[in-house]
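Here is the structure we will look at, set down as structure tokens.
Read the figures in this text as sums done on the coordinates, not as results from a lab. Quantities reported herein were computed from a predicted structural model and do not represent experimental measurements. Cβ: placed from backbone, ideal geometry, glycine included. Neighbour counts: every protein chain shown.
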Amino acid sequence: MYRAIEVDTAGHAPAFARPALAGAAPVLDLTQLAPQTWRERLAAHDWTPDLAEDIGSRRWLRGMATMLVLIGTATAFWPGFARLDAAPAVHIDSAAADEFNAQAIMPQGFGAAAGRRMGPGYALRAVPFVPERAEVALTATLSPGDSLVRLFQRAGAAADDAAHAAQLVAAAVPDGQIAPGTKVSFVLGPRPAPGQPRPLAHAELRARFDLALAINRAGPGLALEKRAIAVDSSPVRIRGVVGESLYRSARAAGAPPQTIQQYLQALDAHLSLEGDVQAGDTFDLVFAMKRAATGETEVGDLTYAALDRGATPVAELLRWGSGDAFYSADSFSSQSIVQTGGLGSGGMMMPVNGRVTSLYGQRFHPILGYARMHAGVDFGASWGSPIIAAAPGMVSFAGYHGGHGNYVRLEHGGGLGTGYGHMSRIAVAPGERVHAGEIIGYVGSTGLSTGPHLHYEMYQNGRTVNPLSGGFAQVTRTVDTKDLDAFRAKLAQMKSLRVGTRFAARAAVQHIAMR
């Protein structure tokens, strides 16, 4: 039981106010009995508990409900991606919108025309006949797989005139020699009657670089006129210093891209572009160039490729013969090898035309920097010199072989084998049978090598032996004097060409104007 007592305005009970009983219950604060608001009830609960604790409890479920409600609320207010049209700064009425549409360029992108269209008015009268142009001048391009007959007919020429013009052109230039992309300019005459195709009055085309054709109306038929175009075919020489990139240096000097590609391919067949071309070297190239009297130019094939290091030529190559191969003066002549005996009698052939520069046995390696066994003989020879099989046999290996670089191994039978290393290019494949004296590769400097040479090894029952222990066959070098003299004369002629000038005095040409 609680008993109410009087309390003064200061909150203190009077002195005479005492509990009726000494063991009476404590006094009750009436303010605690007031009802709570909804905010107070909500604040009394933990709505954002840690969902990693008390999983499955009422407190956890209350937190999960809070999270789901927040997710749903955020999703409900998620913005859309529809286009929002902003109000224009200036009000556009229907007349202004029509004007904008008439001046728009979008219809032209779909093949239509732009501009206003005037509708028929009260003054419009139908006419029985609308005059056409007396002549129509057109220019068409010959597409791949197309023909002149179809080209003329598509332009509106009469079928008989198109066929006759194509026959005249075919009589002057065989079919297939007119390159796709050739421009054909022609003029169509007046129609003989309304609705009839127009006759061909005149046509012109560039059939070849040095020939232009014109077709003219001659009475009821057509006549062909050939117009030869003077062409200066003098070669051009470009010479420059190699910088960080040989290709970029040649491009900066003015060499065409296709000519540089041929130049790099020619050098790559005779030396290593990665290791033998250095900054500061001088590149030298001569290529054919055609210049027509009408102003067009056409780049031809590369004819001379050279690389110099100071005053010493590294490579001097000349395109020679009917093929596209480049030759040097050393590798130009042919070899005739005479075998004096069999393998057992020391009749091995000389693998390359050169001199012995390093013997078989212990030696100080020039690259590794210490002494070790040199299991072969080195023959010094110029880059690109042909390497031949010392005896008939089968190719057991042909490819890159560590320090040997490009390497070929031949098995001759009876436990005898030979190896050829540091080649610039391999000319045989594994499993191929070769004859004595057959070319198997070319001298290079691949692998652990300080310069172009052939590393020649000989094996007996799998172990290396001294290749000079047996005698080589006699090697005689035969040279076609006329061809070699012509080759050297052409080489000297290329080297005497002044840089940046024509090979010969440019012939006077007369400008031929196309009508």
If you filter the stretch 47-107 for trypsin sites (Lys or Arg not before Pro), then keep DSSP loop positions with at most 12 other Cβ within 10 Å, what is left? R83
Under 21 Å from the Cα of K490, which lysines turn up, not counting those fewer than eight places away in the same chain? K290, K482
A student applying the Cα gyration tensor rule (rounded when a/c is under 1.5; otherwise prolate if a/b is larger than b/c, oblate if not) would label the stretch 38-189 oblate
What does the C-alpha gyration tensor say about the overall shape of the stretch 136-228? Classify as rounded when a/c is under 1.5, otherwise prolate if a/b is larger than b/c, or oblate. prolate
HN-Hα couplings for the stretch 396-410 via Karplus (6.51, -1.76, 1.60; θ = phi - 60°), in whole Hz with x for Gly/Pro, come out as 8, 8, 8, x, 7, 9, x, x, 6, x, 6, 9, 10, 10, 10
Label the stretch 232-330 by shape, choosing from rounded, prolate and oblate, from the square roots a ≥ b ≥ c of the eigenvalues of the Cα gyration tensor; if a/c is under 1.5 it is rounded, and otherwise prolate applies when a/b is larger than b/c, oblate when it is not. oblate
Which cross-chain or sequence-distant (5 or more) residues have an amide H under 5 Å from the amide H of T357, H modelled 1.01 Å from N in plane? D378, F379, G380
Work from the charge dipole of the stretch 232-330 (Cβ charges, +1 for Lys and Arg, -1 for Asp and Glu, about the Cα centre) and give the residue of Y247, L267, G300 farthest towards its positive end. G300
In whole Hz and in residue order, list the ³J(HN,Hα) couplings for the stretch 294-304 that follow from phi through the Karplus curve 6.51 cos²θ - 1.76 cosθ + 1.60, θ = phi - 60°; x for Gly and Pro. 7, x, 6, 10, 9, 7, x, 7, 6, 10, 9
When a footprinting reagent is the concern and you count Cβ atoms within 10 Å, what order do D268, D93 take, fewest first? D93, D268
Table column - 3J(HN,Hα) (Hz), the stretch 162-168, Karplus curve with 6.51, -1.76, 1.60, x for Gly and Pro: 5, 5, 5, 5, 5, 5, 5
